[in-house]
1. Please work out the Cα center distance from segment 88-115 to segment 228-252, rounded to the nearest Å.
2. Multiplying the sequence separation of V48 and V334 by 0.36 nm and subtracting their Cα-Cα distance, what value in nm do you get?
3. Grab the other residues whose beta carbon is less than 12 angstrom from that of S282, score K and R as +1, D and E as -1, and report the net.
4. If you place +1 on the Cβ of every Lys and Arg and -1 on the Cβ of every Asp and Glu, how big does the dipole about the Cα centre of segment 45-331 come out, in debye to the nearest 20?
5. Quick one: Karplus J couplings for segment 316-333, per residue in order, coefficients 6.51, -1.76, 1.60, θ = phi - 60°, nearest Hz, x for Gly and Pro?
6. Compute the length gained on full extension between R149 and V41: take 0.36 nm times their separation in residues and subtract their Cα-Cα distance, giving the result in nm to one decimal.
7. With n ≥ 4 as the cut-off for DSSP H runs, can you work out [θ] at 222 nm for the chain, using -39500 (n - 2.57) per run divided by the number of residues, rounded to the nearest 500?
8. How large is the charge dipole for segment 171-326, taken about the Cα centre, if only the Cβ atoms of Lys, Arg (+1) and Asp, Glu (-1) carry charge, to the nearest 20 debye?
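No value in this document is a laboratory result; all are computed from the given coordinates. Values in this document were obtained by computation on a predicted structure and should not be read as measured data. Here the Cβ is made from the backbone with ideal geometry for all residues, glycine too, and neighbour counts use every protein chain on show.
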Amino acid sequence: MMTRRDFVQVTPGLLASVLAAPTLLGATEPTPPVIGRTRRVAQPGDGVGQVDVGSRKGLRILQFTDNHYFCGVDGLMVSDDDRATERDWQAFVRTFRPDLVVLTGDLWHDNPDGRGQAGLELILPRLERLEVPWATCWGNHDQLDDFQRGHDALEAARNSRYRGGATQGDYRLEVRTSAGPAAQLWFLNSNQFGLSDWQLAYLRRSQKDLKEAAFLPSLAFFHIPVLDQKTRYLRNQTPGVCHEEVCFEKESGQAVPVLAESKSIRATFCGHDHVNDYLVRSQDVDLVYGRATGYSGYGGDKVRKGAKLIELDLVSGKYEQVTIFSDGTRWKPV
């Protein structure tokens with residue numbers, strides 16, 4: 001079985017974790033992330049999008065994570081594994097009919113010889129062909145020479161609800177019914193280091209600006225897990241699968257208190273660790289691993305590739321999540 005260590009060793013373009021990590025919460029000057037850094041100056045209204053569900057009282061989301069297009073191939077050849085990933089995307093959408101597809105990072109795989117942008121532009125039509133609204137987060141392997149070009153392409157793509165092009169990859173989507181705002185979806189750029197002061201300051205500031213709407217039921221999406229997903233996991237007691245060490249990178253436990261502050265975020269959904277799929281609770285926030293989706297990523301010989309179905313009740317604020325597979329079956333640990 002390929003492990004994360006093997007996986008990283010064959011991807012030397014890992015952007016230089018040698019670059020300074022964002023400072024910790026409470027430091028005087030937060031540092032924007034390198035992955036997903038923007039050049040545009042944010043204007044009022046930037047970093048906000050919308051998902052409209054009409055008169056319905058629920059929201060259905062499909063989470064795809066760690067797709068890793070173009071991993072382990074020369075040039076920009078779409079591999080058999082990549083084609084299998086796309087077939088699964090289409091099957092998931094046909095079967096489960098989501099209101100929104102969310103991709104939580106590592107959509108493509110690094111930036112060999114500067115080909116990351118061309119790779120992204122080959123993937124975007126595949127997302128457009130799903131014919132449903134979609135949004136994405138930045139992952140540590142989503143690397144480019146010019147991140148602003150990537151932001152602009154993501155925002156311009158058909159059916160895209162991505163809105164991070166002027167806000168360092170952090171943004172929110174307001175879920176609206178015919179009666180008005182009903183929920184908030186937060187998308188945070190955990191870059192290559194995990195959630196740090198930059199993203200958490202953005203979340204605090206944005207929730208404060210929302211006033212009453214900040215208390216609507218919310219979900220948060222990002223790529224890299226938080227420390228609590230390691231410390232609160234109890235082997236042989238926590239339901240689910242955990243076949244590798246939790247790679248929370250440089251997140252030090254500062255994220256969950258901020259995520260829990262408003263008491264509106266019901267759950268967070270991440271990826272990054274391809275052979276983990278479990279839920280733990282911390283300060284009234286559920287911390288959920290998505291199921292790795294892409295066949296080009298490691299781990300398929302140990303944990304079946306799939307996705308996560310998330311259903312949010314817009315009246316009660318309760319949510320449910322279950323792992324799903326492209327043949328329509330579901331899995332939830334007992």
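1. Rounded to whole Å, the Cα centres lie 24 Å apart.
2. 99.2 nm
3. 0
4. 1140 debye
5. Residue by residue, segment 316-333 yields 7, x, 7, 10, 10, 9, 8, 6, 10, 10, 5, 7, x, 7, 10, 9, 9, x Hz.
6. Here the segment from R149 to V41 would lengthen by 37.4 nm.
7. -6500 deg cm²/dmol
8. 120 debye
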